[in-house]
Structures are given as C-alpha cells and as structure tokens.
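Right, one structure below, let's go through it.
Bear in mind these aren't lab numbers, they're just calculated from the coordinates by the rules spelled out. A quick note: this is a predicted structure, and the numbers were derived from the prediction, not measured. Here Cβ is always computed from backbone atoms with ideal geometry, including for glycine, and neighbour counts include all displayed protein chains.
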Amino acid sequence: MNYFDEFLLIVISHFFAVASPGPDFALVLKQSIQKGRKNALVTSAGIATGILVHVSYCVLGVAIVISQSPTLFAVLKYLAAAYLAYIGVMALRAKPATQQAEQLLEHTQPESMVKAFSRGFLVNALNPKATLFFLSLFTLVISVETPLLIQAGYGLYMAIATLIWFSFLSVVLSKVQVRGFFLRAGHWFDRGIGVVLIGLAVRVVWV
C-alpha cells in the first residue's frame, strides 16, 4: 500500500492546525514576549512532547475500538466528522485580534526551564480540542489498514513538525517589531484551518 497520499493529508491538516492560533500559539507568543527566546523554545519542546501523548492514546485506543467493534468505530468516525465540520465553521468565522498585545505585555517574573517545559506540555496534553483533533485525524484520515508502526511514524512527524514550527515562532516573536503582524494575521490562519477541517469532514461521507 502506498501511504504517500495519506501522509500528505496529514501534513496539510496538521500544518493548518498547528499554525492556527490557539492555546499553544497564545502560550508561545506570551512566553516569547514576556520571558524571552530561550524560555519560549523550552516551552515549544513541552508542547511537542504533549503531541506524543495524543498520538499514543489515539494509536492504541483506535486500534482497540477497531478490533472490538467495527460498528462503534463507524459511529466514532461520523461523530468526528460532525465535530470537524463544527469547528471548521467556527474557524471560518474568526475575527482579527484586538487587545491581545496589551494583555501579553504585562510584566511577569522569570521562570525556570522545568516550569517552562511543563507549562507547554500541560497546555497541549490537556487541551480537549487537541484531543478531538487527533482522534478525528486518526479515524478519518488514517486507514484502518495502516500498520501501527507507520501510524506512530506519522505521530513522530507531527511532534517534530510542531517543535520546528513553535521554535520558529519563538525566534521570530521574541523580536518585538514583528509580534504585531502575527496578532493581526492570526485570523487568516484560523480561516485556513476552517477550510481544511470542513474538507476532511466531507471526505468521510464519500469514503
């Protein structure tokens, strides 16, 4: 089986998801401005590690559901599609940020690297939207015939890609003169992921 098309869908959907402003983006933005580049990079590593948590229970959990009840798995797929369509529509309605810059510039005290890593890890690992996104991804995009090892490889890619993206943001956003651009352009990322997620929701109806 050729997994290139499957991987390409994962790359596209994950890119829009990770680039769309959300809790992870807001945290890295805050850390970059308030704490500095090094702190934001460590926080980014924590976020990427949190991705592995989602991948782990999706790979193992979906495999168990498939083996125990194909009907339940089918229901899960349609519920996931409905959720993707919903958040896709909500994302399309995203509006430009207004007072974020002032809120992010409030003074705070420096924190340890352990705390910075933990902050990033917990924000991602405990984010229910991330849970539903990865569950949707592993039920709608990834075939039931895809070996678990390859699925784990997809997850590793997403963790590495997340680390690279937020590390890039940490470097860029730690420069005060560019943070305003990301705040103003954030809603376009949201609208982009809205289109992608609605497309994924439609795809499950035709498969």
Under 29 Å from the Cα of Lys77, which lysines turn up, not counting those fewer than eight places away in the same chain?
-> Lys129
Residue by residue through region 120-127, the couplings from Karplus 6.51 cos²θ - 1.76 cosθ + 1.60 with θ = phi - 60°, in Hz, x for Gly and Pro, are x, 4, 5, 4, 7, 5, 9, 7
Going fewest to most other Cβ atoms within 10 Å around each Cβ, Ile164, Ile10 line up as Ile164, Ile10
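Would you mind ranking Met113, Met158 by Cβ crowding within 10 Å, fewest neighbours first?
On the way: Met113 14, Met158 24.
Ascending Cβ contact count within 10 Å gives the list Met113, Met158.
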